[in-house]
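Please read the structure below before turning to the comments.
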Amino acid sequence: MARPFSEEEQEKILGRLRFLGRARDALLLEMGCYLGYRISEILSLKVADVAVAGVARNEIIVSRRNLKGGKGEHRHAVRSRRVVVPERIRSAL
């Protein structure tokens, strides 16, 4: 059964990814853990969604069509999702 990473496990994985020079993978993991987005939602983001002129945005919005349930007959029940970006993620961007 799936469970969230403990803080210790998360830091260990992040440290290993950074050691291996896999900054993108480390950022994907951090965004998933700290923002609560699914991997498909994170991968749908464009550079302009997360930063403007090289400066990280304070909030990120994933459009309805990229959220789970955002397509099909129930799409009207799903709204875009806006999340405030913690400083830890902004500095990593």
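The values are calculated or read from the model by the stated rules, or taken from the named source; none is laboratory data. For clarity, every value in this text was computed on a predicted model and none was experimentally measured. When we count neighbours, we look across all protein chains shown, and the Cβ atoms used for this are built from the backbone with ideal geometry, even at glycine. With ligands, DNA and RNA removed, areas are computed over all heavy atoms of the protein, side chains included. Shrake-Rupley method; radii C 1.70, N 1.55, O 1.52, S 1.80 Å.
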What number, rounded to the nearest 500 deg cm²/dmol, is the helix-based mean residue ellipticity at 222 nm of the chain, given -39500 (n - 2.57) per DSSP H run of at least four residues and division by all its residues? -12000 deg cm²/dmol
Net charge of neighbours whose Cβ lies under 12 Å from the Cβ of N58, counting Lys and Arg as +1 and Asp and Glu as -1: +1
Sequence-distant or interchain residues sharing an amide H contact under 5 Å with A51, placed H: which? R57
Student exercise, the chain dipole from Lys, Arg, Asp, Glu Cβ charges, in Debye to nearest 20: 440
Carbon plus sulfur fraction of accessible area for the chain, probe 1.4 Å, in percent: 55
Using a Gaussian network model of the chain whose springs link C-alpha atoms within less than 10 Å, name the residue from E41, E11, E30 with the highest mean-square fluctuation. E11
Taking Lys and Arg as +1 and Asp and Glu as -1, residues besides A26 with C-beta under 13 Å from its C-beta add up to +3
Measuring from the longest principal axis of the C-alpha atoms of the chain, the long axis of helix 23-35 (C-alpha) lies at a number of degrees, nearest 10, equal to 60
Between the helical axis of 7-19 and the dominant principal axis of the chain, each derived from Cα atoms, what acute angle in degrees is found, rounded to the nearest 10? 70
Just add up the charged neighbours of V47: K/R +1, D/E -1, any other residue whose Cβ is under 13 Å from the Cβ of V47. +2
For Rg and Dmax of the Cα atoms in Å the list reads (i) 14.5, 45; (ii) 14.4, 41; (iii) 13.9, 48; the calculated value is entry (i)
